[in-house]
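Structure record follows, encoded as C-alpha cells.
The values are calculated or read from the model by the stated rules, or taken from the named source; none is laboratory data. Note that the structure is predicted; figures quoted are calculated from it, not measured. Don't worry about glycine lacking a Cβ; one is built from the backbone with ideal geometry, like all the others, and counts go over all protein chains shown. The area values use the complete protein model at the heavy-atom level, side chains included, leaving out ligands, DNA and RNA. Shrake-Rupley method; radii C 1.70, N 1.55, O 1.52, S 1.80 Å.
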Amino acid sequence: MKRLGIAVVGLGWWGRVIVPLAKTSPKLRVVAAADPDPAAAAFAAREEVRLAKSYEEVLRDPQVQGVVLCTPHSLHADQIVKAAGAKKHVFCEKPLSLTRADVLRAVSACNANGVSLAVGHEKRFEPPIEELMRMVKAGELGTPLQIEANFLQDKFLLLPLDNWRLSAKEAPAGPMTATGIHLLDLSVGVMGVADRVFASVDTLGSQLTNGDTLGILVRFRGGGNALLSAVLATPFDGRFAVYGSRGWAEVRDKAHPESPEGWTLTTHMRGKRKEARDYPPAKAVLANLDAFADAAQGRAPYPVPQDEMIANVSALEAIVRSAASGRVEGVQNE
C-alpha cells in the first residue's frame, strides 16, 4: 500500500502526540514538520523528522501530499485554504474554525481544489461510539429524543495561564473548544442540524479566567435536545448517551482518553433487560488519521460528512454567542 506523505504543522502538546502516532501507521509517512518555536528542533531531531522553516516551505514540498494541522484554532481556516490551493489534502484538529463563514470558506477551497478534508473528532472512531451510531442509523433506538453527554477533566489546570488553549480568542466559552466540541459533533451526527442553543459558562473551581464550567442546551431543527456539559476543574468523567423512543444507549469512558482503559456500552431496549458490554482500549486517533489517508488516496470516503462539519461549527458559533450574551441564540444554517 502506498503511504500518504504528510507534514505535521504545529509541534506543541498535540503535535508531539500526532508525530510518533502517525509514524506507526501503514498508511502514512511523516516527511516533515513545521513550527517556529526553537524548542521544536530538538523534538524533530529525536523523531528523525525534517523541520521546515515555515508553513509555506511545507506547502512547496513535493513529498508532502497532505498536512496535519495542530495549530491554534483561529489559524485553521486560512491554513486550510492555503493548503487546498497548494493541492495538499488536509487533516485539521478540531474545531475546523470558529465561525460558519470560515468553515464554509475552508470546505469550499478543499472541494474546488479536489483535496480531502478531515477533522480531529476522534471520538467518532471509538468502537463503542461507532456501534451506538450504527444503532441510531439502523433505527434500533427508534426516534432519537434526547442526548445527554459530558466531558470533564482537570488536566488544563496544569497549563500556564497564558497558554493559548485558555485564551478567550482561541478558546471562547471556556471548555467548549477543548472538549465540548466533541460532544457537539456527536450530537450533530445523531440529531442533525441545530436550530438554537443556550449556553452558560462560569469560573467556579479554578483560576481559569476564561471559564471552567460550561453547560449547554441544544435544540435541533428536526426536534429533540442535547444536554452537554464540559468542565475543566474536576477529575475526569466522560459519557455520551442517546435516548430514543424504543430504547437508549450510553457509552462511558473508563478513564481519560490519554490513558485509556476502554469503555462500557450500556443499552436498554423496551421490553428487555438492561445490557452492558465492555470494550478494550483502541487507537481512535490513529483510526481517524488512517481514514484521512484512505480518503486522500481514493480508497474510501471520509466518514464524517462535510455538512456535519459545517453544522458543528455553525452550532459552535451560536454557543459562543450565547455564553457571552446569556440568551438563547439561533444557529445560522443558511
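Of all the listed residues (230, 241, 226), the sole one being within 16 Å of residue 73 (Cβ to Cβ) and assigned to a strand (DSSP E or B) is 230. Against the list (1) under 16 Å from residue 239 (Cα atoms); (2) modelled with pLDDT of 95 or more; (3) not hydrophobic (A, V, I, L, M, F, W, C), the condition residue 260 fails is (2).
Among the residues making up the stretch 3-53, those that are of a type outside the set (Ser, Thr, Tyr), open to solvent by less than 60 Å² (accessible area, probe 1.4 Å) and in a loop (DSSP other than H, G, I, E, B) are 10, 11, 12, 14, 27, 35, 39, 49. Quick one: would you say residue 171 is open to solvent by less than 20 Å² (accessible area, probe 1.4 Å), among the small types (Gly, Ala, Ser) and not in a loop (DSSP other than H, G, I, E, B)? So residue 171 fails the test. Scanning the stretch 199-228 for residues that are over 23 Å from the mean Cα position of the chain (by Cα) and among the small types (Gly, Ala, Ser) returns 205, 206, 222, 223. Taking the conditions exactly as written (under 18 Å from the mean Cα position of the chain (by Cα), of a type in the set (Lys, Arg) and surrounded by 15 or more Cβ atoms within 10 Å (Cβ to Cβ)), does residue 239 satisfy them or not? Against the criterion (under 18 Å from the mean Cα position of the chain (by Cα), of a type in the set (Lys, Arg) and surrounded by 15 or more Cβ atoms within 10 Å (Cβ to Cβ)), residue 239 qualifies. Go through 87, 82 for me and flag whichever is in contact with a Phe, Trp or Tyr (Cβ under 9 Å, 6 or more places away or on another chain), open to solvent by 30 Å² or more (accessible area, probe 1.4 Å) and of a type in the set (Lys, Arg). On inspection, the qualifying residue turns out to be 82. Among the residues of the stretch 90-111, the one identified as under 15 Å from residue 319 (Cα atoms) and among the charged types (D, E, K, R) is 100. Under the condition of being charged (D, E, K, R), touching a strand residue (DSSP E or B) at 6+ places or on another chain (Cβ under 7 Å) and free of Cβ contacts under 8 Å to residues at least 40 places away in the same chain, which residue from the stretch 6-34 is farthest from residue 88 (Cα to Cα)? The extreme case among them is 23.
Scanning the stretch 151-168 for residues being open to solvent by 20 Å² or more (accessible area, probe 1.4 Å), of a type in the set (S, T, N, Q) and either over 17 Å from residue 323 (Cβ atoms) or not in a loop (DSSP other than H, G, I, E, B) (or both) gives a total of 1. Quick one: would you say residue 180 is modelled with pLDDT of 95 or more, assigned to a helix (DSSP H, G or I) and within 30 Å of residue 7 (Cα to Cα)? Against the criterion (modelled with pLDDT of 95 or more, assigned to a helix (DSSP H, G or I) and within 30 Å of residue 7 (Cα to Cα)), residue 180 qualifies. Across the stretch 245-278, the qualifying residues are those that are more than 15 Å from residue 126 (Cα to Cα) and touching a residue at least 60 places away in the same chain (Cβ under 8 Å), and the one among them that is surrounded by the most Cβ atoms within 10 Å (Cβ to Cβ) is 248.
When restricted to residues that are more than 16 Å from residue 93 (Cβ to Cβ) and without any contact (Cβ under 8 Å) to a residue 24 or more places away in the chain, the stretch 140-176 contains 4.
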